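Beneath this line is the structure, given in structure tokens, with notes to follow.
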Amino acid sequence: MKKIAILGSSGSIGIQTLNVVRMHPDEFEITALCVNKDIDTLRKQINEFHPKFAGISDENAYLKSKDLFANNITVFSGDNALCDIASLDVDILVVAVVGMCGLRAVMCALSRGTTVALANKESLVAGGKLVTDTAARAGKRILPIDSEHSAVWQCLHCGFDRELKRIILTASGGPFYGHDRNFLQSVTPEMAVRHPTWNMGKKISVDSATMMNKALEIIEARWLFDTEKIDYIIHPQSIIHSMVEYIDGSIIAQIAKPSMELPIQYALSYPKRIKYDAAEFKFDKNLTFSEPDESVFPLPKLAKQVLSCGGNAPCVFNAANEACVQLFLDNKIGFCDISINIENILNTWDFIHNPTIEDIYDTFNEVYEKLMTDYNK
């Protein structure tokens, strides 16, 4: 039985991970759960899954609720809660928090030899080589939970690395694909958070609307699969989750209903597959594809340029986006200003060729604070 810890257990991915554990009580047990400040959800999860450890990142939320927890559970709190949980003796750490807060936890887990199941794009985007080098030294791999990267991972089992021609990520296009820049000027936060296929948090929903989600996935795929041969295509039905093309022209695709529980389960059960109780797949939909329109949605193209730069450029890219998404949600900037600001910051920021983890955090904080300060004067 595998011991599982979850960072971000009250979020969408965390809740769906617990659904998978609930379906397979003989395969997995929950050792630790961690939330930011959703104490009510955490207490319900503790009552059901009986972990030995819990974490609450928000110190104020912890102080208000610390007397509510039983004596038989150890509760970590504050800024170190994520790393405290990541340092525990578990088989798999599921990192399902949003943003850069996941990076140190990922590094902590990999350094102690724990397998990481990753749903936090930002830590691998910003940390890049630092993260993968740490995994390599520990002899561990990072298991992708994103549906697109899980699909690529499964398709790559069909050939050798030397036979790979390219990875083809699929993108739903988000709620605004097919519209022009004039329309995008009128997009509000309320419009942007309504995704046509997936039920997600606000930040990732905005990322999908700007195509930043795909931009981050391109950078993440480079580190997960050690290649820059990465393309993407618009596939609104989200049935083909991604594809791999080999040098003989064969294209292998992974097909499944849009559900995050399947890639989560595959990561937790790897290297074996276990039963997933889903209705039989029906081939009753037309599948369509179209080429990306990078004149309207430029961020994936910019991501490839960022990869060519290397160093701390992906961190600048990520930090600028996090700030701009928050500014957009706060009605401080327009929808199109997100990509404009990201490109402007990239063109002016100091480049570090071989950043340390402290350089990465300094870069992130400085970029984020500059943009927030500029628009909150």
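The values are calculated or read from the model by the stated rules, or taken from the named source; none is laboratory data. These figures come from a predicted structure and were not determined experimentally. When we count neighbours, we look across all protein chains shown, and the Cβ atoms used for this are built from the backbone with ideal geometry, even at glycine. Areas reflect the complete protein model, heavy atoms only, side chains present, ligands, DNA and RNA absent. Shrake-Rupley method; radii C 1.70, N 1.55, O 1.52, S 1.80 Å.
Rounded to the nearest 10 square angstrom, Thr210 shows an accessible area of 10 square angstrom against a 1.4 Å probe.
Only Cα sites of the chain enter the Debye sum here, all with the same form factor; the resulting log10 I(q)/I(0) across q = 0.06, 0.12, 0.13, 0.14 1/Å is -0.22, -0.93, -1.11, -1.29, listed in q order. Within the set of other residues whose C-beta is less than 11 Å from the C-beta of Leu327, count the net charge using Lys and Arg as +1 and Asp and Glu as -1. It works out to a net charge of -3.
Within the chain, helices built from complete DSSP H runs that reach 20 Å or longer along their own axis (Cα positions) and carry a mean Kyte-Doolittle hydropathy of -0.5 or higher are 313-329.
Taking the average, over residues, of other Cβ atoms within 10 Å as the packing measure, peptides 330-342, 7-19, 101-113 rank 7-19, 101-113, 330-342 from highest down. For the range 169-254, the fraction of 1.4 Å probe accessible surface lying on carbon and sulfur atoms is 49 percent. Computed over the range 81-136, relative contact order equals 37 percent, with contacts defined as Cα pairs under 8 Å that lie 6+ residues apart. Amide H to amide H distances under 5 Å link Thr115 with Leu93, where only residues 5 or more positions off or on other chains count and H is placed in the peptide plane.
Taking 25 Å as the limit for the C-alpha separation, the pairs Lys37/Lys203; Lys121/Lys370; Lys129/Lys257; Lys202/Lys332; Lys165/Lys214; Lys140/Lys370 exceed it in the case of Lys129/Lys257; Lys140/Lys370. For Asp79, what charge total do you get from the other residues with a beta carbon under 11 Å from its beta carbon, if Lys and Arg give +1 and Asp and Glu give -1? Net charge in that neighbourhood comes out at -2. Surface exposure of the range 224-375, expressed per residue as accessible area with a 1.4 Å probe, stands at 50 Å².
Counting heavy atoms of the protein chains alone, Glu27 has an accessible area of about 50 Å² for a 1.4 Å probe. Counting protein heavy atoms only, the range 24-103 has 42 percent of its accessible area on carbon and sulfur, 1.4 angstrom probe.
Only beta bridges with both residues in the chain are counted; by DSSP, about 25 percent of them are antiparallel.
Residue ranking by accessible heavy-atom surface, 1.4 Å probe, largest first, among Asp293, Asp26, Asp207, Asp40 comes out as Asp26, Asp40, Asp293, Asp207. Based on the Stokes-Einstein relation at 37 °C and a viscosity of 0.692 mPa s, and on the Kirkwood radius from alpha carbon pairs, the range 229-377 is assigned a translational diffusion coefficient of 175 µm²/s.
Summed over the residues of the range 59-98 and divided among them, the accessible surface reaches 55 Å² per residue at a probe radius of 1.4 Å.
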